[in-house]
1. Rounded to the nearest 10 degrees, what's the angle between the helix 187-218 long axis and the longest principal axis of the chain, both from Cα atoms, 0 to 90?
2. In degrees, nearest 10, range 0 to 90: what is the angle between the Cα axis of helix 174-183 and the longest Cα principal axis of the chain?
3. How tilted is helix 135-154 with respect to the longest principal axis of the chain? Cα atoms for both, answer in degrees (0 to 90, nearest 10).
4. Can you give the helix-only mean residue ellipticity at 222 nm for the chain, where every DSSP H stretch with n ≥ 4 adds -39500 (n - 2.57) and the sum goes over all residues, rounded to the nearest 500 deg cm²/dmol?
5. If you build a Gaussian network model of the chain, linking Cα atoms that sit under 10 Å apart, which residue out of 26, 202, 59 swings the most?
6. Determine Rg/Rh for the stretch 52-148; Rg is computed over alpha-carbon atoms and Rh is the Kirkwood hydrodynamic estimate from the same atoms.
7. Which FRET efficiency, nearest 0.05, do residue 46 and residue 195 yield, Cβ-Cβ r, R0 45 Å?
8. Mind running the shape call on the chain? Use the C-alpha gyration tensor, a ≥ b ≥ c as the square roots of the eigenvalues: rounded below 1.5 for a/c, prolate if a/b tops b/c, oblate otherwise.
């Protein structure tokens, strides 16, 4: 049994989770501090959550394809995203971004505003308030968002298939491996991949169930 889809999936998921953690944290912090236009910006940032993955894959494909501005810019450096694991990471990041963004935003909004205001009264900058007050208090919620986003990346299928294709040993993920095995009539191989996916999904759920305990200990 070729285990390359397992390692490719985890590599793509780790890179995608790192991308959405940084972008999700910054954007969630920015939207939380907005006074006007919050609803519109929130709707735009949450759009990948409601659009079908294949639609998101199509939009990503025309955005980073060889004929796009980004594609032509990368081509000058001899780089490309289409049909590469890097492109699959971008697709997984885009699809899982709303999970990270909305989770972090919810965690930040639950921080006691009195504590934040006290920091401002003491003369702390917004960055220091974010780093020393909001992040420590919102840490359990942020951790939960990271776990959920990582799980979403692990199970991504439609967008990554459209952007990265199904290249064995290069872009074939576990979800695509199940699809390929069923298409080829190899049910035994499909069962093995399904068993692996169910196993790590249970592990993720156990971790998620342990987070409330960590949150109470943190408080």
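1. 10 degrees
2. So the helix axis and the longest Cα principal axis differ by about 30 degrees.
3. Compared with the principal axis, the helix lies near 10 degrees.
4. Numbers: 12 runs with 167 residues, N = 219.
Computed ellipticity for the chain at 222 nm equals -24500 deg cm²/dmol.
5. 202
6. Details: Rg = 19.1 Å, Rh = 16.1 Å.
Checking Rg against Rh, the ratio lands at 1.19.
7. Numbers: r = 33 Å, r/R0 = 0.74.
Efficiency, rounded to the nearest 0.05: 0.85.
8. Numbers: a/c = 2.65, a/b = 1.54, b/c = 1.72.
Cα axes put the chain in the oblate bin.
Coordinate-derived values only; no laboratory data. Everything quoted here is computed from the prediction, not taken from an experiment. Cβ: placed from backbone, ideal geometry, glycine included. Neighbour counts: every protein chain shown.
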